[in-house]
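Notes to accompany the following structure.
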Amino acid sequence: MREYEITAAPLHTGPPPQGDDVALWWLDTRSDVVGGHPVDGDDAPLSAEERTRASRLRRPGDGHRHRAAHIALRLVLGGYTGQAPEAVTLSREPCPCCGDAHGRPALAGTANLHFSLSHSDDLALIAVSGVRIGADVEGIRKQAIVNELLPSLHPDEHTALRALPDAGRPQALARLWTRKEAYLKATGQGLAYGFTHPYVGIAETPAPVRHFTVLDLKAPPPYAAAIALNTAA
């Protein structure tokens, strides 16, 4: 697994990851320049849809963060495929639940390069691999929010979190939450069937999940992050 930081300097990706190798790219989404591209510039390498979505975000700074994360994604994918970032074409796989075209994001015309983008508050994570992958990063939430989320979990996870001291619960939930989100992104299932399954637990090592390897990542405080990698033959 290789890890990189995206800065204001032009991006050089090197060769794309092969097989179950993983490349992780981290970005501070408050950056004004990403990989040599001004985030708020009129010529930023973004699609019309990405620009529109960013313009509709109302919380201060969210539009900028959204633009920064998607510029970074296009730079990474463009670097691996030899395309200009504005020429990268993204699509959606069929949903595994209903078959409609709102499943996993995919790189059009490329079957052996998979990616997942996640961003929370001021941090973005892009994971790229030769196999199906999901990534998630989350900020540590306040105790009141933690208590609201507990009923949506697997009963054993709910019980384990309730047994923790209040001070330890937010960090444990963030770790668990990113594991589940990473898996649900990797499968393309999303939240169609809720958040109860799969069971991933709150132990230091994630519980085994069929056909996938779930790994915690070392994220900068106050964040948690994880990836899920398809290991099925």
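In this structure, the amide hydrogen of Thr7, modeled 1.01 Å from its nitrogen in the peptide plane, lies closer than 5 angstrom to those of Gly35, counting only residues at least 5 positions away or on a different chain.
In order along the stretch 26-33, the phi-based Karplus estimate (6.51 cos²θ - 1.76 cosθ + 1.60, θ = phi - 60°) of 3J(HN,Hα) comes to 10, 9, 7, 6, 7, 4, 7, 10 Hz; Gly and Pro are listed as x. In this calculation the C-beta distance from Leu150 to Arg51 is compared with R0 = 30 Å, giving a FRET efficiency of 0.20. Here the label points at Ala108 and His211, each 7 Å from Cα along the C-beta direction, are separated by 2.7 nm in the simple model.
Residues whose amide H comes within less than 5 Å of that of Arg132, counting only those at least five positions distant or on another chain, are Asn230 (H built at 1.01 Å from N in the peptide plane). The GluC sites (Glu not before Pro) of the stretch 153-231 meeting both criteria, a DSSP state outside H, G, I, E and B (loop) and at most 11 other C-beta atoms within 10 angstrom of the site's C-beta, are Glu204. Database remark: amide H of Leu123 closer than 5 angstrom to the amide H of Thr29 (H placed geometrically; neighbours at sequence offset of 5 or more, or on other chains; Pro and chain starts carry no H).
Express the carbon and sulfur contribution to the solvent-accessible surface of the chain as a percent, rounded to the nearest whole number, probe 1.4 angstrom.
Carbon and sulfur: 54 percent of the exposed surface of the chain.
In straight-distance terms, cross-link reach from Lys180 covers every one of the aspartates and glutamates whose alpha-carbon lies under 15 Å from its own, apart from those fewer than eight places away in the same chain; here that gives Asp136, Glu138, Asp156, Glu157, Glu204, Asp216. For helix 169-187, what angle does its Cα long axis make with the longest principal axis of the chain, in degrees from 0 to 90 and rounded to 10? Tilt relative to the chain: about 60 degrees. Here the simple spin-label model places points 7 Å from the Cα toward Cβ, and for Phe195 and Leu164 these points are separated by 1.3 nm.
The values are calculated or read from the model by the stated rules, or taken from the named source; none is laboratory data. Only a predicted model underlies this, so the values are computations on that prediction, with no experimental measurement involved. Glycine also receives a Cβ, built like all others from the backbone with ideal geometry; neighbour counts cover every protein chain displayed. The protein model used for the area step is the full one, side chains on, heavy atoms only, and it has no ligands, DNA or RNA in it. Shrake-Rupley method; radii C 1.70, N 1.55, O 1.52, S 1.80 Å.
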